[in-house]
Amino acid sequence: MVTQHVAAPGRGAGPARQADPDAPALDQAIQALDGAVAHLLGLQQPEGWWQGELETNVTMDAEDLMLREFLGVRTAEQTDAAARWIRSCQRADGTWANFHGGDGDLSTTAEAYVALRLAGDSPDAPHMAEAAQWIRDRGGIEATRVFTRIWLALFGEWSWDDLPVMPPELIWLPSWFPLNVYDWACWARQTIVPLTIVCSVRPVRPLPFGISELRCGSASDRQGLPRAGGKPDGWARAFGGLDKALHGYERYLVKNGPAAALRRAAIRRCADWIIARQERDGCWGGIQPPWVYSLIALHLLGYGLDHPVIERGLAGLDGFTVREDSPDGPVRRLEACQSPVWDTALSVVALGDAGLPADHPALASAARWLLAEEIRGPGDWQVRRPGLPPAGWAFEFDNDGYPDVDDTAEVLLALRRVALPAGSLPGTSGHVAGASVRAVQWLVGMQSADGGWGAFDADNSSQLVAKLPFCDFGAVTDPPSADVTAHTVEALCGAGLAGSKAVRRGVVWLLRAQEADGSWFGRWGANYVYGTGAVVPALIAAGVQPGKPTIRRAVDWLISHQNADGGWGEDLRSYDDPGWSGRGESTASQTAWALLALLAAGSEDAMRSAEGGVAWLAATQRADGTWDEPQFTGTGFPGDFYINYHLYRLVFPVSALGRFCAVAGGAR
C-alpha cells in the first residue's frame with residue numbers, strides 16, 4: 001500500500017458559509033449538510049479510502065531529528081524543514097505545549113530545544129534563551145520524563161546509571177506471570193521490548209554541543225515517585241527497591257558476570273520478537289514510539305543501514321511525513337500514526353447518515369477497500385484469547401498484528417450502510433456477510449471479564465506495570481473504556497444481537513461506568529463530551545428507553561454544558577482537572593458528538609438543545625463545506641498525549657446533521 005495524504009480540511013482560518021440565522025433549524029441543517037457532503041466526497045481517494053492528517057505535538061519531529069542524528073542519516077534539508085515547523089509551534093512564553101492552547105510541557109520543550117540546537121539555533125538566540133530559562137525554572141532536564149532522559153542518555157547528556165532498569169530478560173516471563181510483556185498495552189509492549197535492548201547496550205554518541213544550560217545541578221530524578229508528586233505509595237516504594245536490585249544485577253551479574261550469557265540470549269530473543277512484528281510498510285504497530293526504538297535497538301545489534309529491516313523502516317517514515325510550504329520555506333512534520341481505516345469507516349457512516357443511497361459508488365468503493373483490509377492472521381491479542389479465530393480491522397494501512405476493537409466495531413457499522421451488488425468482485429454482498437460474521441465473533445470473544453471492551457486486548461488491566469519507575473508517561477495498559485464499549489455494543493446491536501449476553505453485559509458495564517454527574521469518561525476522545533456522545537446512542541440501540549434516569553441524566557449534563565453560542569467544547573485539561581469537564585471553546589467535532597447523543601435521546605428538551613448546536617454548525621461552516629478546528633479533540637494518552645484528527649471536524653458534523661435532518665423529517 002502506497003500511503004498518501006489527503007489535504008487537511010479546514011487547516012487555518014477560512015471564510016464562513018453565509019447561513020441565514022433566522023431560517024428554521026431544518027433548513028440550516030440541510031444547507032450545511034449539502035456543503036459538507038460535497039467536501040467529504042471530494043476527499044475520497046480513487047482506491048476508496050479517506051485519510052485526514054493526524055496532527056500531534058512537536059515531540060514527533062524533535063525525536064525524528066534525534067533518531068536521524070543517532071543513526072547518522074540526518075540531512076540539512078530534513079533538519080531545516082523540521083526546525084521551521086518546530087519554531088512555528090513555539091508559544092509566546094518560549095515553551096511548547098502538548099495540544100493547541102495547552103500549557104507548556106517540560107519534556108516536550110526540552111526535546112524541541114535539543115532539536116533546534118541540532119538545527120543550528122544558538123542558545124543565545126532570544127527564543128532559545130527563553131525556552132532554556134523556562135526549563136530551568138521547572139527543574140531542568142533533571143525533572144523531565146524517563147523517555148526524554150533516555151534520548152539524552154543516547155547522546156551522553158544523561159547517565160544510563162540514573163535511569164530505571166528494564167531488563168530484556170522480561171521477554172521470557174510467561175504470560176501468567178506478573179509484569180510479563182503481555183501485561184502491557186500493545187503500544188507500550190512494542191515500545192518496551194526494544195527499549196530493553198537499548199538500555200542494556202547503553203550507547204553514547206555525543207552531540208556536537210552540550211546542553212548545560214538546561215541543567216539545574218540537582219542530582220534528583222523522579223524514580224519511584226507517583227506521577228502527581230508527593231509521597232510514593234507502597235507499590236511504588238517496592239518497585240523502587242526492585243529497581244535498585246536490578247541496577248545491582250546489571251552491574252555485578254551481567255557485565256562480565258555469570259549472567260552475561262543469559263543477557264545475550266535474552267537480547268537475541270527480543271530482536272527476533274521485534275523483527276517478527278515489523279509491518280509491510282516498515283513500521284512497528286503503525287505508531288512512532290516502537291518504530292524509532294526498534295530501529296535504534298536493531299542498529300545497536302549490528303543491523304546496518306543497508307539491512308532490509310532497517311532500510312524498510314527508515315523508508316517507511318517518509319510515508320508518515322507531511323510536507324508543506326510556508327512563507328519561511330518548506331516545513332515537514334511527522335505523524336505519530338495514520339488512521340485510514342478509522343477515517344474511511346467514519347466517512348461511510350457519515351455519508352450514510354447524510355442520506356446517500358446504500359449503492360452509491362463512493363460507499364461501494366469504500367466498502368471494497370475496507371473488505372480488502374480485513375485482518376485474517378495471528379496477533380498478540382491471541383495470548384489472552386488463544387482459541388478465537390482471527391478477524392477485525394486495524395487503524396492503519398499496515399498493522400496486521402494488531403486489529404482493534406474500536407475500528408472493527410466502526411467498520412461493522414459502516415458495512416451496514418452499503419449494498420454491494422452480488423458478483424461485483426472483489427467486494428460482494430457475500431464478502432460483506434462473511435467479514436461481518438467473523439468480526440462479530442471476534443468482538444464477542446474480545447469482551448473482558450468485567451463485561452467491557454478495551455481497544456486492543458482483552459483483560460489487559462494489570463495495576464502493577466504502571467507502578468514501575470520506568471512508567472511515568474502515557475497509559476501503559478488497555479482496560480475497558482466507555483467509548484470503545486459503547487461502539488462495540490452499538491455494532492453488535494446493529495448486527496441483531498441486542499438481546500445477546502455479550503450486549504447485556506456491555507450495557508451493565510456502561511451503566512456502572514456513568515459518572516455521578518451523568519456523563520461518561522472519554523478514553524480516546526476529548527473527553528466527557530466524547531464519552532457521552534458515544535454511550536447514549538449505544539444504550540438507545542440496546543433498548544434502554546430514553547426516559548430512563550441514566551439517559552435523562554446524560555441529556556441534562558449535555559444541556560447544562562452547552563455553550564452560549566449553541567455549540568459544545570471541552571478543553572483537554574479536563575483529564576487532569578475535573579473543573580474543565582464539558583467546558584471549552586465550541587468545536588465542530590465536539591458539537592457533533594453532543595448532537596449524536598441528544599438526537600438519540602430524542603426528548604423535547606434534547607431537540608431544543610440540538611437545534612442550537614445545528615445553528616452553531618451552520619453559522620461557523622466554511623464556504624468550502626468544512627469547519628476550522630485547531631483544537632485537539634482526540635486522545636492518545638489521557639493527560640499526556642493528544643491528537644488533532646483533521647477529518648473529525650467534517651465526518652462527525654456530517655453524521656450529526658444527517659441524523660438531525662432524519663429526526664426532523666427533512667428530505668435532502
Residues being within 25 Å of the chain's Cα centre (by Cα), over 18 Å from Thr109 (Cβ atoms) and in contact (Cβ under 8 Å) with a residue 24 or more places away in the chain - total across segment 65-77: 1
Hey, Pro638 surrounded by fewer than 23 Cβ atoms within 10 Å (Cβ to Cβ), within 30 Å of Ala188 (Cα to Cα) and without any contact (Cβ under 8 Å) to a residue 24 or more places away in the chain or not: no
Residue, farthest from the chain's Cα centre (by Cα), within segment 369-394, restricted to residues that are buried (at least 19 other Cβ atoms within 10 Å of the Cβ) and small (Gly, Ala, Ser): Ala391
Residue match in segment 45-52 (condition: farther than 30 Å from Leu298 by Cα, free of Cβ contacts under 8 Å to residues at least 60 places away in the same chain and aromatic (Phe, Trp, Tyr)): no
Scan of segment 435-486 for residues that are outside any loop (DSSP other than H, G, I, E, B), closer than 14 Å to Trp393 by Cα and among the small types (Gly, Ala, Ser), ordered by number: Ala435, Ser436, Ala439
Candidates Asp605, Asp556, Asp565, filtered to the one that is under 26 Å from Ile643 (Cα atoms) and surrounded by fewer than 24 Cβ atoms within 10 Å (Cβ to Cβ): Asp565
Subset of segment 353-368 (residues that are assigned to a loop (DSSP other than H, G, I, E, B) and crowded, with 20+ Cβ neighbours inside 10 Å): Ala354, Leu356
Selection status of Val508, free of Cβ contacts under 8 Å to residues at least 60 places away in the same chain, surrounded by 22 or more Cβ atoms within 10 Å (Cβ to Cβ), in contact with a Gly (Cβ under 8 Å, 6 or more places away or on another chain) and outside any loop (DSSP other than H, G, I, E, B): no
Unmet requirement for Ile643, which otherwise passes all of (1) touching a Lys or Arg at 6+ places or on another chain (Cβ under 7 Å); (2) surrounded by 21 or more Cβ atoms within 10 Å (Cβ to Cβ); (3) of a type outside the set (D, E, K, R): (1)
Condition met for Thr109 (of a type in the set (Ser, Thr, Tyr), farther than 25 Å from Arg323 by Cα and either at pLDDT 95 or above or part of a helix (DSSP H, G or I) (or both)): no
Considering residues of segment 525-551 that are free of Cβ contacts under 8 Å to residues at least 24 places away in the same chain and not polar (S, T, N, Q) only, the residue surrounded by the fewest Cβ atoms within 10 Å (Cβ to Cβ): Pro549
Residue check for Ala345: out of contact with any strand residue (DSSP E or B) (no Cβ under 7 Å at 6 or more places or on another chain), small (Gly, Ala, Ser), assigned to a loop (DSSP other than H, G, I, E, B) and in contact (Cβ under 8 Å) with a residue 40 or more places away in the chain: no
Some residue of segment 321-337 being out of contact with any Gly (no Cβ under 6 Å at 6 or more places or on another chain), at pLDDT 95 or above, assigned to a helix (DSSP H, G or I) and closer than 26 Å to Arg277 by Cα: no
Options Gly451, Gly474, Gly434, Gly445: the member that is in contact with a Phe, Trp or Tyr (Cβ under 7 Å, 6 or more places away or on another chain), surrounded by fewer than 23 Cβ atoms within 10 Å (Cβ to Cβ) and more than 18 Å from Gly639 (Cα to Cα): Gly451
Arg504 out of contact with any helix residue (DSSP H, G or I) (no Cβ under 7 Å at 6 or more places or on another chain) and under 19 Å from Gly445 (Cβ atoms): yes
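The values are calculated or read from the model by the stated rules, or taken from the named source; none is laboratory data. Bear in mind the structure is a predicted one, so any value in this text is a computation, not a measurement. In this analysis, Cβ positions are derived from the backbone assuming ideal geometry, glycine residues included, and neighbour counts consider all displayed protein chains.
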